[in-house]
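Read the structure below first, then the notes.
Read-outs throughout are calculated quantities, based only on the coordinates presented, and are distinct from any laboratory measurement. Nothing here was measured: the structure is a model prediction, and the numbers come from that model. Cβ placement follows ideal geometry from the backbone for every residue including glycine, while neighbour counts extend to all protein chains displayed.
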Amino acid sequence: MDKIIFPLSNGIAINKDDKLAVGIIGHDGNKKVGGKKFKTLHSFFSFPLIRALVYFFYGIYLYISSFLLSLKIDNLDDENINKSYKKAKKVNFISSYILLIATFIFMFIFGYLFLGILPRYIYNCIFDPYRDYYFVSVMIALFRFILIYLSFLILRFCPFMQSLYSFNGAGNCDMNGEDKKKSEFYPLNFLNYLLNIFLISVFVISLIAININWIANFFINLSIFLLIDILVYEGLKFVSNKKISFLNDLTFITNWLVIVRPNTTHKEVLMTTKIELENYQDFQTFENGRIPMSSLYAEMQTKLKLSERFEQSDLDWIIATFLNKSRAEIKLVRSVSQKEYRDISRACSRRAKGEPLSNIFGFVEFYGLKFDVNKKVLSPRIETEILVEEALKKIKENDLKSVLDLCTGSGAIAISIAKYSSCNVSASDISKQALSLAQNNATKNNVNIDFFQADLFSGLKKHKKYDIIISNPPYIKSGDIEKLDIEVKKYDPKLALDGGEDGLEFYRRIISHAEKFLNKKGWIFFEVGKGQAGAVIEILQKYKFQDCQKVKDYNKIERVVYGRIDK
C-alpha cells in the first residue's frame, strides 16, 4: 500500500513509508503542519491475509498517533506567549487526552447498552421470547445491524461530525481521482473499512451466537472478528483496484455514511499535508506567526487552479521572486513571514485574473537573462527560447558573424544571441517605445547591439547584409485576436499580435525582401503560430530557400521554421 490517509476532526494525516504527516486547522484558524517518523510496516502489505491484520492494528495505532500529534501541533508553545496562556494551553492539552480516554469508556458502556440490551428488548416487544433459538439469533443480529447503521446515519448529519467526514472526503478524492464519477467514494478508506468490519462482525457474531463459556466465547468471537477483517480488507481492496461499477456502487451503502463532500479548505489542508510529506525529509517546529511553505503552496495552487491558470513554474517564479531566491533554493525554505505570504498571495490573485507574470513584476526571465517588459512590447515566451537555441546552433556550426533581428520588441532574441555568441547583432522595430526598452535591456545585460527604428527592412542600410535574419513577427489572424486568452488579448500590444487576415502577412513581407539583405548561403529563422509551419515553408520555397526545417516546441507544436537562401 502506497499510503494511508486518516481524517481528523480538524485536519488530515497521511502515512507513507516511515513518515506520518499531519496537517490541521489550528484553534487560531491558521493551517499548521507537522509529523514524525515511524518504523514502517508497509512491506507487509504485499502479503495476502497478513496485510489485512497489519492494516487494522497498524492503522489503529497510527490513527491514535495522528490524533495525539494533531493536539501537539495545535498546542506548541512559543517563547513570546505569556505564562498564563501557556498554562491554559497545557490544561487544554491534558484535557484532550482525558477526553480521548473518556470517549473509549463511553463507547464501551454505550455499546453494551445499545447493542446488548436494546436489541433483546426490541425483540421481546415484537416476538414471542420463546421462539426457535436460530430465529432469535437471526432477529437479534438483524436488529443490531439496523441499530448500528441508524446510529451512523444520525451521526452523518450531526454538525460536530461534518468536519471529520469532510476531511475523509478530501482524502478519498485524492485516493480515487478528482475527475472520476463518485470520486469521493474510495472503498478502502479507513473509516469505511472500520465501519464494514464493525457492522459485519456484529451481525455474524450475533447470528452464530456462540455460548460455551466466556473464555471460549471470547476466543471464538475474536477469531470470527479477525476472519471478517481479512474478508473485508481483501474485498474492499479488490473493489478499489478493479473499479467495477456495480461493486463500487455496493460499497456506497456504507461509504456515504462516513463521507461529506469537502470544500476548498479541506482540500488545501490535504495538499499542505501531502507537500510536507513528499518534499521534506524531516519535520520541524515553525516559529510563531510564520506560514509553513507547504501551506503556502497548497493555498496558492488552489487559487490558481480555480481560475484554471495553474502552472507550477509560474508559482515557483512568484515565490522565488518575493523571497529573492532561485527556484531551486526555494525548495529548501520551510516557512515564510506574514508579509511575504501577503505579497505572494496578492501576486497569485493578479495571476489568477489573467495578468501575465511579466506585467505583475515588470520583468521576465528569458534564456537565462533578465528583461524588463511593459505593455508596449510582447513579453517573451519560453517557446521563443527554441528559436534562439536553433539560431545559436547554426551560428556555431557555420561560424556565422552577423545577425539581424526584425520586430525585436523587448530585444530578448537579439540580446540573447549577442550574449551567447560573438556575432555582431542589429535589431529593428517600428515602435520607439519598444526600441527604448530594448536598449535599456541591452545595457543591463552588458551587450552592444545596433538598434534602429524601421518598418521591417525600410530604413536599413541598403548595402548592409547579414548571415542570419531572425524574427518573431506578429502571426495571429486579425479575426482571432478577440478570441485570445485574456492575458494575451488584454496585456499584449495589438501591434505585436496582428498578422493580417491569415496571420502570414509579415512572413510574406520579410521573405520576399530577405534575399537583398542576406549574405551568400545566409539563413532565415522564424517563430510561427500553431498550424502555420507548413504555410511558411511554402513561402520560403517559393522564394528559393533551401534546407527548410521545422522544429517542435515543448508541447510538440511546430514552433520554429528556418531555411537557407539558394545563391
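Of note:
- When semi-axes √(5λ) of the Cα gyration tensor in Å is computed from the coordinates, the matching label among (i) 40, 36, 25; (ii) 68, 27, 19; (iii) 45, 34, 19 is (ii).
- At R0 = 45 Å, FRET efficiency that the Cβ-Cβ distance of Asn446 and Asp282 yields, to 0.05: 0.60
- The chain - percent relative contact order, Cα under 8 Å, separation 6 or more: 10 percent
- With a Förster radius of 35 Å applied to the beta-carbon distance between Phe160 and Lys37, the computed FRET efficiency rounds to 0.65.
- Ranking of Arg51, Arg350 by count of other Cβ atoms within 10 Å, fewest first: Arg350, Arg51
- Of the beta bridges in the chain, as assigned by DSSP with both residues counted there, near 65 percent are antiparallel.
- Going from the fewest other Cβ atoms within 10 Å to the most, the residues Trp523, Trp317, Trp214 appear in the order Trp214, Trp317, Trp523.
- Packing-based ranking of 447-457, 401-411 yields 401-411, 447-457, ordered from highest to lowest mean Cβ neighbour count within 10 Å.
- The stretch 369-565: C-alpha gyration tensor shape, a/c 1.5 cut-off, then a/b vs b/c: rounded
- C-alpha long axis of helix 245-255 to longest principal axis of the chain, angle in °: 60 degrees
- Cβ-based exposure ranking for Met139, Met293, in which fewest neighbours within 10 Å come first: Met139, Met293
- Length added when fully stretched, Ile117-Lys464, from 0.36 nm per residue minus Cα-Cα: 114.6 nm
- Nearest-ten-degree value, helix 50-74 long axis tilted from longest Cα axis of the chain: 70 degrees
- Segment Lys339-Ile50, length gained on full extension (0.36 nm per residue, minus Cα span): 98.9 nm
- Bridge type composition, the stretch 369-565 - antiparallel percent by DSSP, nearest 5: 35 percent
- Charge dipole of the chain about the Cα centre (unit charges at C-beta), most positive-ward option of Val425, Phe371, Gln338: Val425
- Between helix 533-542 and the chain: long-axis angle, C-alpha atoms, 0 to 90°, nearest 10: 20 degrees
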